[in-house]
Amino acid sequence: MAPRVILVGPMGSGKSTIGALIAQRLQLPFRDTDTVIEAESGRSVSDIFLEDGEEAFRALEKAVLRKELLTDGTVLALGGGAPISIDAQSALRAISSPVIYLDISLASVAPRIGFNRDRPLLLHNPRGQWQTLMEARRPIYESIADTVIDVNDKAEEVIVSEILEAIQ
């Protein structure tokens, strides 16, 4: 076995919110790699980034992802950068779990994440940084996803229904 469904996408696409709702509907546990990292390290993701650097964070993230992919029957949301490494992409392609990419536009994501200080990758020129990250990451998200769900201007329940339909 493996996770029942895996959600990928950029920060602010709703992976945690939608993942929790799907888990509730399927009566499964919900896991979020960023939350697991914070629980295991006793520090926030932004503190790890700022104090130890991105490389140290990615190493923690890789270890957590590897462990979570072996956890049966969960709904798993990955941090925006979790599927970017070649190792992660290989693991996600090899696993039997459906991978759902929540696709969102800059216009829709801006009010959601507010481009605040808790997003270490967006410290300087947040909109431009988000756009640059997405240009690099979108092809990866698309290549590992079994299904792409456009979440722009959709109610949470509509998104959940589309995902549940896709994984049936």
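The values are calculated or read from the model by the stated rules, or taken from the named source; none is laboratory data. Please read all numbers here as calculations on a predicted model, not as lab measurements. Methodologically, a virtual Cβ is constructed for each residue, glycine included, from the backbone with ideal geometry; neighbour enumeration extends over all protein chains shown. What goes into the accessible areas is simple: the full protein's heavy atoms, side chains included, and nothing from ligands, DNA or RNA. Shrake-Rupley method; radii C 1.70, N 1.55, O 1.52, S 1.80 Å.
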Give, as residue ranges, the helices (runs of 4 or more DSSP H) completely inside the range 1-116 that count at least 2 residues that are closer than 21 Å to residue 168 by Cβ and within 16 Å of the chain's Cα centre (by Cα). 15-26
Counting only residues that are open to solvent by less than 70 Å² (accessible area, probe 1.4 Å) and free of Cβ contacts under 8 Å to residues at least 40 places away in the same chain, which one in the range 43-59 is nearest to residue 84 (Cα to Cα)? 58
Going by what's in this entry, would residue 75 be described as more than 19 Å from residue 141 (Cα to Cα) and open to solvent by less than 40 Å² (accessible area, probe 1.4 Å)? no
With criteria (1) modelled with pLDDT of 95 or more; (2) open to solvent by 40 Å² or more (accessible area, probe 1.4 Å); (3) among the hydroxyl-bearing types (Ser, Thr, Tyr), residue 132 comes up short on (1)
Pick from the range 137-165 the residues that are of a type in the set (A, V, I, L, M, F, W, C) and outside any helix (DSSP H, G or I): which of them is surrounded by the fewest Cβ atoms within 10 Å (Cβ to Cβ)? 155
